[in-house]
Structures are given as structure tokens and as C-alpha cells.
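This report concerns only the one structure given below.
The values are calculated or read from the model by the stated rules, or taken from the named source; none is laboratory data. Quick caveat, the model's predicted, so the values are computed rather than measured. We place every Cβ from the backbone using ideal geometry, glycine too, and count neighbours over all the protein chains shown. Note: accessible area is taken over every heavy atom of the protein model, side chains too, but ligands, DNA and RNA are not part of it. Shrake-Rupley method; radii C 1.70, N 1.55, O 1.52, S 1.80 Å.
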Amino acid sequence: MLTRKQHELLMFIHERIKETGVSPSFDEMKEALDLASKSGIHRLITALEERGFIRRLAHRARALEVVKLPQQATTAAPPKGRGAFRPQVFEGGGAPPPSTSAPAANDSRELPILGRIAAGTPIDAIQHERERLPVPESMLGSGEHYVLEVQGDSMIEAGILDGDYVIIKKGDTATSGEIVVALVGEEATLKRLRKKGGSIALEAANPKYETRIFGPDQVEVQGKLVGLIRRYH
């Protein structure tokens, strides 16, 4: 799965080659992605090359070739390691926008977007429905589901980025290691839940955030993560 910036750069290179026949310069890429230096572009290109999306062509100026583009829908790799979890992802570059009136297609279901959820410092608790989002049925199973918009970067190493829409299966229980919507007092947050003796830990997937420990009566599980939708603008 590509990061937001990797995807933006790949599509910028692809469109520029289609328009002009040559790949953009590093300065053009830096300006298009609003990066401070070309070193960031070098890192993104290296990452795209390692993942097989682009290829450098020898003995040619601006020697980049797009080998492939991301699929519209992908299923993440199987979990690795204890408690690892990668949600199913729908890369919604071509998906219809949230709507309160458009009918869902036969292979999708409209779910309510209930507000924003913090992947970082907890923010206000879940709000009332503000609109609806078509979600592929392949991402859903039995039970009741809802959607929240992610705000913050504390779950980036679990593949969850700021601005993503997370698909939550409603419920009040979770297994240790699952990513959940946790209500702490009047604040909701998206974190990995760990049960440690009589305590509950809410664990980030970003080393700059500390794990927070609570008593069992301080945390209410509101649902667990089953997938996410990412839209590229």
C-alpha cells in the first residue's frame, strides 16, 4: 500500500509523461507535492522503485518510467507478528463522494459517517450522522457498521493516515491486539487495545505517541476496525 505522498507523486509522474512524453524534473515534483527539499522526492522515488511502480532508465535525462499503477481495490497483506493488523483498504480515487441522497450500488452499502475520530490526542466523542458513504459489500460482514473520518497520525504504522475513512463494526467487546474505537470519558480515540492484567492499554502505531493505561472501567469499546477507505484528491 502506498502512502499518500507516494501515490500523489506516482500519479503526477504518470500524468506528466502522458502529456509531454517525458517525466517531470525533480524541481517540478518538489513543487507539485509542496515539499521543502528534493531529498524528499529522492526518498519517494526510491520507495516507488522498490515497490515496482516505477523504473529508472539508464542514459536518459529525466529517466523515469511508470511500470504500473495501484489497483482501485486491494486487500492488505496477511498479518505479521503478534497482534499485527492491516485493514482491508479501498483506494477511493474514483469512488463516489459521500452523499445523503444517491442510491447505493448493488455491490455496496451506504454507511453513516458519524464524525471524526482522533488517531492522536483524543477529541470529542462520536457525533451524530452527518452524511453517508457507499462502502463495498466485500469489506463488510454481518452486524452493524459505521464510518469515522480519521484525524491525526498516531496510527500511521498500521497503515491508517490522517483523512482516511475507517469502517467500524459496532460492538462493545474486543480481543487484545485489535484496533478499536475507545471512549475514554467524553473523548473518543482510535487505538490498538491491549489487555494487561486488570488494566487496559491504548497503544498508538507511531513511536512519538505514548501508550496510555487505564482501569477497566475507564474505557468503553464502541466498535472495532474492519477496513478503511482512502480518497486521493
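Checked against (1) in a loop (DSSP other than H, G, I, E, B); (2) within 18 Å of the chain's Cα centre (by Cα), L225 passes all but a single condition, namely (1).
Could you list, in sequence order, the residues of the range 167-201 that are in contact with an Asp or Glu (Cβ under 8 Å, 6 or more places away or on another chain) and over 15 Å from I213 (Cβ atoms)? Correct list: K169, K170, D172, L183, E186, E187, A188.
Let's see how each residue does on (1) modelled with pLDDT of 90 or more; (2) of a type in the set (D, E, K, R):
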residue	(1), (2)
L133	no, no
D164	no, yes
I179	yes, no
G198	no, no
V219	yes, no
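Just so you know, in the range 1-58 the residues that are polar (S, T, N, Q) and within 14 Å of P70 (Cβ to Cβ) include one that is least open to solvent (accessible area, probe 1.4 Å), and it is Q6. Restricting attention to the range 1-33, the residues that are of a type in the set (K, R) and touching a residue at least 40 places away in the same chain (Cβ under 8 Å) add up to 1.
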